[in-house]
Ligand SMILES: [Zn+2]
C-alpha cells in the first residue's frame with residue numbers, strides 16, 4: 001500500500017476569468033468550444049494559454065539566451081522532497097534575514113507561502129523573493145523555489161532573482177496556491193506539460209503528505 005495521508009492541490013484553476021499577471025488582457029486564456037452536442041456527437045474545446053499564466057514552471061531559457069528548455073527536464077526533478085516555509089508575515093521582498101530563521105533542508109524544493117495565498121485579485125504589491133533571499137537559498141543547496149505569486153520577482157529590471165536561480169539550474173514554480181499547506185515537509189509533484197523548446201509550461205502541482213504513523 002502507498003502510505004498517502006492526504007493530497008493538497010496547490011494549483012490555480014484555469015478559466016477565462018482567472019487572475020493574470022498585472023491584469024494584462026493578453027495573458028488571459030481563451031477557451032473555445034469547437035464541437036458540441038448541437039452540431040456533433042461529442043464535446044471538444046481548444047485553449048490558448050500563455051506559458052506563464054496560472055501555475056507553471058520556468059526553465060532557464062525564460063531569462064538566459066540559449067538556456068535549457070522543457071525537453072531536458074527529467075521527471076526525477078519534479079517529483080521531489082519539499083519544504084513549505086510560512087512567510088505570511090513578510091511584506092514586500094523575502095530577504096536572506098527572513099529565510100535565515102528557517103530550516104532549509106539541502107536538496108529540497110522550497111515553497112514560499114506568503115499572504116499572496118490569501119488574496120484572489122492581482123495585487124501590484126505582491127510579496128516576492130528578493131535577490132538576497134534567492135542567493136541565500138542557492139547557497140543552502142535547494143533544487144527549486146516556488147512562490148504563491150505569478151512572478152517570483154517584482155520590479156527588478158536586472159532580473160536578479162530569476163538569474164540567481166536559473167543560472168544555477170534551480171527550478172522556479174510560480175502561481176502556487178498555498179493556503180492549505182502547513183510549514184512542513186511534503187512530497188511535491190509538479191510535472192509540467194512536455195512541450196518541445198518551451199521556456200515554461202503549465203503544471204498541476206500538488207503536495208503529498210505521506211503517512212508517518214504506525215501502520
Ligand atoms: Zn514564469
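Any read-out appearing in this document is the output of simple, stated calculations on the displayed coordinates, not a laboratory observation. Note that the structure is predicted; figures quoted are calculated from it, not measured. No Cβ is skipped: glycine too gets one built from the backbone with ideal geometry, and neighbour counts run over all protein chains shown.
Observations, loosely collected:
Residue-by-condition table, conditions (1) farther than 23 Å from residue 140 by Cα; (2) in a strand (DSSP E or B); (3) in contact (Cβ under 8 Å) with a residue 60 or more places away in the chain; (4) within 14 Å of the ligand (Cβ to nearest atom):
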{"position": "165", "(1), (2), (3), (4)": "no, no, no, yes"}
{"position": "168", "(1), (2), (3), (4)": "no, no, no, no"}
{"position": "183", "(1), (2), (3), (4)": "no, no, yes, no"}
{"position": "196", "(1), (2), (3), (4)": "yes, no, yes, no"}
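- Members of region 84-115 found to be out of contact with any helix residue (DSSP H, G or I) (no Cβ under 9 Å at 6 or more places or on another chain), on the phi < 0 side of the Ramachandran plot, part of a loop (DSSP other than H, G, I, E, B) and touching a residue at least 12 places away in the same chain (Cβ under 8 Å), listed by number: 102, 103, 105, 106, 108, 114
- Residue count for region 69-83, restricted to those that are within 15 Å of the chain's Cα centre (by Cα), away from the ligand (no atom under 16 Å from the Cβ) and either closer than 14 Å to residue 194 by Cβ or not in a strand (DSSP E or B) (or both): 1
- One residue stands out among those in region 137-163 that are buried (at least 22 other Cβ atoms within 10 Å of the Cβ) and part of a helix (DSSP H, G or I): the one that is farthest from the ligand (Cβ to nearest atom), which is 137.
- Pairs, first closer than 17 Å to residue 55 by Cα in region 150-161, second within 11 Å of the ligand (Cβ to nearest atom) and assigned to a loop (DSSP other than H, G, I, E, B), C-beta under 6 Å, six or more apart: 150/175
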